[in-house]
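Step one of this worksheet: look at the structure below.
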Amino acid sequence: MKKRDKFYITILFILPILFVLCVSTYSIYGSKLDWLSQHVSLADYFRQNFYATHQIIPDTFAHLQGQTNAISFSYYGLLRPDVLISYVFPNIPTRFFIIGYATFLWASTGGLCYCWLRNKGYKDSISFFSSICCICANCFFQSHQQIMFIEILPFLFLSMILIDKNKRQWISLCICMALFHNYFYTPGMILILLLYDYDQNHTIKDILIPILIGMGMATILWLPTGYLILNNHKSVVQTNLFDLLIPNFTLKGLVYDSYGCGLTVISWIALFQGIQFEKTRKLSILLILMFIFPIFSYILNGTLYARTKILVLCLPLVLMILAHWLQERKLNKGLLVLASLFLCTKTMLIGLLISLVFIGYYFMDKKECLMIYALVPMIVFTGLNYNQCLDLKLYNSMYSKDKQKLMQRNDLNQRTADLDQVGHSVNHIYDLKEMKASSYTSTSNSLYNTFVYDIIKSPISQSNRTIITDSENYLYLSMMSVQNVLSKESNLYGYKEVDSKGKYKLLKNKNVFPMVYVTSDTLSESKFDKLFYPYNLDTIYNRTIVNGETSNEYASKMKLIKNLDQSIVIQNKKKTKKTIPIDFDTKNKMVCIDFDIKNYTDKKISISINGMKNTLSKKHSVYPNGNKHFTYILSKKELKQFDVTLSKGKYKISNIRVYTCDMNVFDRKVTKIKSLKTDSIFKGKVTTSKDGYLVTSYPYEKGYEIYIDGKKQNVDIVNKAFVGCKIKKGSHTITIQFHAPFKKLGLCISVLFVMIGGFWIWKKSKNL
């Protein structure tokens, strides 16, 4: 390696570090949403749980989603190096490991891109220019957003280097690491590698074995995760197959977009210019088609959706063609005109003009224009990213010492809900005494999601309904055993303030359902399914819904108070607040409000009533929540008026209905179970005078086992979403266990393939 090469690599490595350091002078290098509420919060919880259990991959997480399979959160770095290394340094905040590792991989990508292009014979200046475009691509917007989107790129570049050097045996390690970082993108990465190997060497057979070995090494992660995904659904926009064949000329997958390669217009021109060279012709045409037709994004995304963010995996191939064109210095004017025809938007035209100036100077033999033009992606990148970072005030509110002290100094017993910034705090655990019913994960439990949003009608406060947020819905709090509530106010029925710190209050309600109990009051699913909202609300509270016979009937106590058939059209240029006086009795009553919503714009709509918010996602949202029927279940101690907040936009509200129900209806007596110390999820003793059902608030999924007096029982789904089983009258000892399906098998296969892969790599390397 020449001295100049070392200099360029050093610059490429330092630039990302300098940018992160500059940002860190006034904020935190992370985003307000996914980075804060998912990546850091979950990594921090993984670490806390490891200290308590000493298990790197436990079967279950007791503190999220009402007790859930730990594999549900494998997407968020469960086996990622930065998360694992953080376990060794408990006194260093988790965010430093997340930021440091993301920065390291970002910087490494630039250096690897340069080495790869230089190994292919491209000039140092051209390789450096292309690598600058690489590290400044808008895809690195994701380095502080959804970090796993781009953390796979270093392994892609390294794999391509190994292909060129005919050291394919080492690709197995790259595939394994890629799966640990992002198993959603790894299949796409494999397809790109197969394409690259075939394009360069006209064969793929030599790369298949290392790919399979790499997949085998990571079986511990993808096998139980894959099984989990197949047993749950994800709410995504429905894709019309015909639409996948309609060309998309916005080029968002390539140019000036955060969810794609994010390169400058010169990259699009380079793809057309690449057609004139035999070496790059086929690949250039294929890439042009991939960026135009959504069907390719759809395939690379595993037929989940057609989002262009997956096309970031094409970044190396685009840069290679760019470098090849710049080195050959051959301009085809016809192809230039053809590429220009696609650039019809205002932003594109500006990019085209800048690119044409670059082309003019470059072909006038002004080589220094490479370095000048390199400023363009840097400017674009900086402009799109600089103001996206997390301010310290929000971060400190999430990691509030006041909240932490409240958690630590109080006996929490059962679950806790955090009603402060529910979208951000959904995955945040201050102390392992705190157990939550909320969570956000890409592999959310479908039955639990349906229960929360479709049965007990908790408000869908976020644009993505996959997220399970805490709410004031009394049925949610009581049926999910939420005894403790963290809030800034204390006007919640049934909850009394027991402690406070700063602006936060800890409320407690001892009358919520236990997490495990016994009852003989049942209602068959067939009868329950015939009930409509809100008459099903007090019914599911007072009767356990089972796939069996009804023990005793129940008549709903809900009463219709108001039925307004007229429609109201809202046209707000900004968010507005209205106060509506209440003209009916609300003392000790639950108030249920519902209405239909129709959106006349492409913007999302949010309406809050007394702090309870519902949201309808925008028309073309990737994760549409489909929330066209807003419901509000208010159970305040004192309700004198409706404080309504209406978001900006044009929308229609219709079919407004208001119901009430006496709160004393929600006072069901069940048989409590005396808990015993155990390493299992639950163990306890109970005496019941009637045959009935063992009922839990553990969301049902495969892997649960229930033992009564040492005998394994058939696990049933009770209350439409939870683990339960039949129980005979008498005195019993109950044990509940959970084993993550396919985790042990995945571990055995991984160990086997590590041994096979190690021997195979050694043998291949020795022969070479």
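Do you know the relative contact order of the chain, to the nearest whole percent, from alpha carbon pairs under 8 angstrom that are 6+ apart? Working shown, then result.
Values: 1469 pairs, mean separation 108.2, N = 768.
Result for the chain is 14 percent.
For ASP418, which sequence-distant residues (separation of 5 or more, or a different chain) have an amide H within less than 5 Å of its own amide H, given hydrogens modelled in the peptide plane?
LEU486
Using Cβ counts within 10 Å as a stand-in for footprinting exposure, how do THR441, THR308 rank, fewest first? Before the final figure, lay out the partial values.
Working: THR441 26, THR308 23.
If I rank by nearby Cβ atoms, fewest first, I get THR308, THR441.
Spin-label point model (7 Å from Cα, Cβ direction): what's the VAL670 to ARG409 distance in nm?
3.3
In whole Hz, with x marking every Gly and Pro, tabulate ³J(HN,Hα) for the range 445-455 from phi via Karplus 6.51 cos²θ - 1.76 cosθ + 1.60, θ = phi - 60°.
5, 5, 5, 5, 4, 5, 4, 5, 9, 9, 9
Counting just the Cα atoms, what span does the range 240-363 cover along each of its three principal axes? Round to the nearest Å and put the largest first.
Largest first, the range 240-363 extends 44, 33, 22 Å along its Cα principal axes.
What are the residues whose amide H is under 5 Å from the amide H of GLY724, where those residues sit 5 or more places off or on another chain and H is modelled from the backbone?
Here ASP716, VAL718 satisfy the definition.
Between LYS527 and ASN248, what is the FRET efficiency for a Förster distance of 60 Å, r being their Cβ-Cβ separation, to the nearest 0.05? Numbers along the way, then the final one.
Values: r = 49 Å, r/R0 = 0.82.
For R0 = 60 Å, the calculated efficiency reads 0.75.
Based only on other Cβ atoms within 10 Å, what is the fewest-to-most ordering of PHE13, PHE46?
Values: PHE13 18, PHE46 25.
Final ranking by Cβ density, sparse to dense: PHE13, PHE46.
Given LYS578/LYS669; LYS32/LYS401; LYS503/LYS683; LYS309/LYS604, which pairs have Cα atoms separated by over 30 Å?
Numbers: LYS578/LYS669 40 Å; LYS32/LYS401 19 Å; LYS503/LYS683 38 Å; LYS309/LYS604 22 Å.
As for pairs spanning more than 30 Å Cα to Cα, those are LYS578/LYS669; LYS503/LYS683.
Would you list the membrane-span-like helices of the chain, meaning whole DSSP H runs whose alpha-carbon atoms span at least 27 Å along their axis and whose mean Kyte-Doolittle value is at least -1.0? Mind dumping the intermediate values first?
Numbers: long enough: 3-23 (31 Å, 1.58); 94-119 (37 Å, 0.63); 743-767 (35 Å, 0.63).
Span-like helices in the chain: 3-23, 94-119, 743-767.
Applying the Karplus parametrisation 6.51 cos²θ - 1.76 cosθ + 1.60 with θ = phi - 60° to the phi angles of the range 589-596, what ³J(HN,Hα) value in whole Hz is obtained for each residue in order, glycine and proline being reported as x?
Those phi angles translate into 10, 8, 10, 10, 10, 8, 7, 8 Hz.
Pop out the ³J(HN,Hα) list for the range 257-262 in order, Karplus 6.51 cos²θ - 1.76 cosθ + 1.60 with θ = phi - 60°, rounded to Hz; leave Gly and Pro as x.
9, 5, 9, x, 5, x
Quote the charge dipole size of the chain about the Cα centre in Debye, to the nearest 20; the model charges only the Cβ of Lys and Arg (+1) and of Asp and Glu (-1). Working shown, then result.
Values: 92 positive and 52 negative charges, 126 e Å.
Here the size comes out at about 600 debye.
Within 13 Å, Cβ to Cβ, of THR280, how many net charges do the neighbouring residues add up to if Lys/Arg are +1 and Asp/Glu are -1? Intermediate results must be reported in sequence, preceding the final value.
Numbers: positive: LYS120, LYS279, ARG281, LYS282, LYS330; negative: ASP199, GLU278, GLU328.
So the surrounding residues net to +2.
Net charge near SER24, counting Lys/Arg +1 and Asp/Glu -1 over other residues with Cβ under 13 Å of its Cβ? Can you show the working numbers first?
Working: positive: ARG95; negative: ASP391.
Summing Lys/Arg as +1 and Asp/Glu as -1 gives 0.
State, to one decimal in nm, how far the label point of THR579 lies from the label point of CYS22, with both points 7 Å from Cα in the Cβ direction.
Reported label-point gap for THR579 and CYS22 is 4.9 nm.
Treat the count of other C-beta atoms within 10 Å as a stand-in for reagent exposure and order MET663, MET148 from fewest to most. If you can, show how the numbers build up before the last one.
On the way: MET663 16, MET148 20.
By the 10 Å Cβ count, ascending, the order reads MET663, MET148.
How do 277-286, 366-375 rank on mean C-beta neighbours within 10 Å, highest first?
Working: 277-286: 16.4, 366-375: 14.7.
Descending mean neighbour count gives 277-286, 366-375.
Need the list of lysines near LYS279 for cross-linking: C-alpha distance under 23 angstrom, and skip anything on the same chain fewer than eight residues off.
Candidates past the 8-residue exclusion: LYS120, LYS123, LYS165, LYS167, LYS205, LYS330, LYS333.
No lab work stands behind these numbers, since they all come straight from the coordinates. Bear in mind the structure is a predicted one, so any value in this text is a computation, not a measurement. Don't worry about glycine lacking a Cβ; one is built from the backbone with ideal geometry, like all the others, and counts go over all protein chains shown.
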